[in-house]
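Input: a single structure, listed below in structure tokens.
The values are calculated or read from the model by the stated rules, or taken from the named source; none is laboratory data. All of these numbers come straight from a predicted model, not from anything done at the bench. We place every Cβ from the backbone using ideal geometry, glycine too, and count neighbours over all the protein chains shown. These area figures cover heavy atoms from the full protein model, side chains too; ligands, DNA and RNA do not enter into them. Shrake-Rupley method; radii C 1.70, N 1.55, O 1.52, S 1.80 Å.
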Amino acid sequence: MVKRYPVYLDLSRRTVLVVGGGNVASRKVPALLESGAIVTVVSPSLTPDLLELARSGRIRWVRRRYIAGDERRFSLVLALTEHPDVNTGISARSNGFVNQATPSAGNPVALPFVQDHSPLLVSVGSEPPDPLLVRETGEFLGMKLREAGIPEYAREHALLRQILLDSGWARPDIRKVLETFSLEWALRSAGREDRLVQYRERLGEIVYRKLEDSLFTP
Ligand SMILES: C[C@@]1(CC(=O)O)c2cc3[nH]c(cc4nc(cc5[nH]c(cc(n2)[C@H]1CCC(=O)O)[C@@](C)(CC(=O)O)[C@@H]5CCC(=O)O)C(CC(=O)O)=C4CCC(=O)O)c(CCC(=O)O)c3CC(=O)O
Ligand SMILES: NC(=O)C1=CN([C@@H]2O[C@H](COP(=O)(O)OP(=O)(O)OC[C@H]3O[C@@H](n4cnc5c(N)ncnc54)[C@H](O)[C@@H]3O)[C@@H](O)[C@H]2O)C=CC1
């Protein structure tokens, strides 16, 4: 079995074609819009949610069935009709990547389960694809991350990193600080504050001094 290649796409200002305007499209289109995509839906009908998006101009609706060639010039195509032959036909004709909603061994793009714990994105996929398994596993992981306070840790981590980048620090120094920060966090959450002092001395003394200098010197 060929292993899949996981990827995060920046879809801002990219054109995305969605063929079929049913329940699956209703679930996937909002995430595409949040990613900044310019979405066109080709479908004879739309769900009420999609109709609302079309009326308010957030998606373009082409009110007809798919015609061979529609997929040309789009960065990404989602083939979400209830007809497996229509969906696989779109994949076969496209030069790019097509996500198919209907069961198919050769689905070129499988969308993962996603939970937003900004700045962390928890995503889970499986090979072969198994939507219920990835959903269960993703929800379990999300719960464990919240229990362990990882999203808060991640926000502090990201903030510290940004401050150091903005202060013009070199990457190797930033790495040292962040490693020390993560170690501190691990020790604190393991209730080992006693070890913190030692570790700060061993790993962070110089880096901390430099950090204080750059943050507190006018
Ligand atoms: C291959 C893949 C292709 C793709 O769509 O990208 C695919 C395919 C199929 N899904 C089916 C069913 C359902 N899928 C969901 C939900 C999700 N499905 C997602 C991914 C994927 N689904 C890709 C695999 C990823 C992987 O496993 O690695 C998630 C993770 C992401 C997303 O789609 O946004 C999203 C999580 C929801 C969340 O975020 O909560 C629900 C609803 C639910 O779980 O509540 C149902 C039950 C609906 C019902 O029962 O009606 C069927 C059977 C259809 C049939 O039998 O006709 C097929 C076809 C098949 O299995 O071949
Ligand atoms: N990937 C996933 O997460 C899931 C996949 N599925 C699969 O996806 C398929 C679609 O599911 P739903 O969205 O619930 O179905 P649905 O019946 O709600 O929507 C299908 C849409 O496709 C449109 N359509 C049909 N033929 C078309 C054509 N030739 N050109 C353009 N548009 C066309 C219909 O007008 C309708 O808007 C299901 O048949 C099922 O096999 C189902 C549940 C979840």
| request: Any chance you could give the angle, 0 to 90 degrees and rounded to 10, that helix 131-147 forms with the longest Cα principal axis of the chain? | output: 20 degrees
| Using modelled backbone amide H atoms (1.01 Å from N, in-plane), which distant-in-sequence or interchain residues come within less than 5 Å of residue 61's amide H? | 41
| task | Enumerate the amide H contacts of residue 21 below 5 Å, restricted to partners 5 or more residues apart or on another chain; note that Pro and chain-start residues carry no placed amide H. | result | 45
| Solvent-accessible area per residue, Å², over the range 56-130 with all protein chains present [probe radius 1.4 Å] | 61 Å²
| said: Skipping prolines and chain starts, which residues have an amide H placed within reach, meaning under 5 Å, of the one on residue 100, given they are 5 or more residues away or on another chain? | reply: 79, 109
| query | When the helices in the chain are scored as -39500 (n - 2.57) per DSSP H run of 4 or longer and the sum is shared across all residues, what 222 nm value do you end up with, to the nearest 500 deg cm²/dmol? | reply | -15000 deg cm²/dmol
| said: Let's see if you can work this out: charge +1 on each Lys and Arg Cβ, -1 on each Asp and Glu Cβ, no other charges. What is the dipole magnitude of the chain about its Cα centre, in debye to the nearest 20? | reply: 780 debye
| field | Percent antiparallel among DSSP beta bridges (both partners in the chain, rounded to 5) | value | 25 percent
| message | Using the Cα centre of the chain as origin and beta-carbon charges of +1 (Lys, Arg) and -1 (Asp, Glu), tell me which of 178, 11, 67 is placed farthest towards the positive end of the dipole. | response | 67
| Using +1 on the beta carbon of Lys and Arg, -1 on that of Asp and Glu, and nothing else charged, what's the dipole of the range 15-111 about the Cα centre, debye to 20? | 280 debye
| field | Eligible aspartates and glutamates near residue 176 by straight Cα distance, threshold 14 Å, same-chain separation 8 or greater | value | 184, 201, 205
| said: What aspartates and glutamates does residue 144 reach when the alpha-carbon gap must be under 18 Å and sequence neighbours fewer than 8 apart in one chain are set aside? | reply: 116, 136, 152
| field | Spatially proximal aspartates and glutamates relative to residue 3 (Cα-Cα < 16 Å; intrachain offsets below 8 disregarded) | value | 127, 130
| remark: HN-Hα couplings for the range 160-169 via Karplus (6.51, -1.76, 1.60; θ = phi - 60°), in whole Hz with x for Gly/Pro, come out as 4, 4, 5, 4, 5, 4, 5, 7, x, 5
| task | May I ask you to rank 157, 83, 117 by accessible area, largest first, using a 1.4 Å probe over the protein chains only? | result | 83, 157, 117
